[in-house]
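Notes follow the structure.
The values are calculated or read from the model by the stated rules, or taken from the named source; none is laboratory data. Values in this document were obtained by computation on a predicted structure and should not be read as measured data. All Cβ positions, even for glycine, are placed from backbone atoms using ideal geometry, and neighbour counts span all protein chains on display.
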Amino acid sequence: DTCSAEYIEKLAQNCDVLIHEATNSFFPGLSRFDTQKELEHNTKRNGHSTPEMAAQEAFRLNAKALLLTHFSTRHLGDASEESITM
């Protein structure tokens, strides 16, 4: 979980695949936030990245591909209805 790749910049520059944490996509009318900027601020405050932030990092690092992931203790990680729905 991170909102910046600054500590691995030299290692990640021009990488084939950047694996980056991301959560909290913004969907107008569906989000609990009114704007993308408000969502991004909240996401950073919690030490995370949005998919857009991860994409910006990948672009800045000249990554050839970006793989997004997110682990959360809020989800059981099994096949239950609670785990597979938002």
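Assorted remarks:
- Every pair of residues 6+ apart whose Cβ atoms lie under 7 Å, when the first sits in segment 34-53 and is farther than 15 Å from THR69 by Cα while the second is part of a helix (DSSP H, G or I) and not acidic (Asp, Glu): GLU40/MET53
- Selection of segment 4-43 for residues being touching a helix residue (DSSP H, G or I) at 6+ places or on another chain (Cβ under 8 Å) and assigned to a helix (DSSP H, G or I) yields GLN36, GLU40, THR43.
- Residues located in segment 8-47, provided they are modelled with pLDDT of 85 or more and of a type in the set (Phe, Trp, Tyr): PHE27, PHE33
- Residue in segment 44-56 that is surrounded by the most Cβ atoms within 10 Å (Cβ to Cβ), counting only those that are outside any loop (DSSP other than H, G, I, E, B) and within 11 Å of the chain's Cα centre (by Cα): ALA54
- Residue within segment 66-86 that is of a type in the set (Gly, Ala, Ser) and modelled with pLDDT of 90 or more present: no
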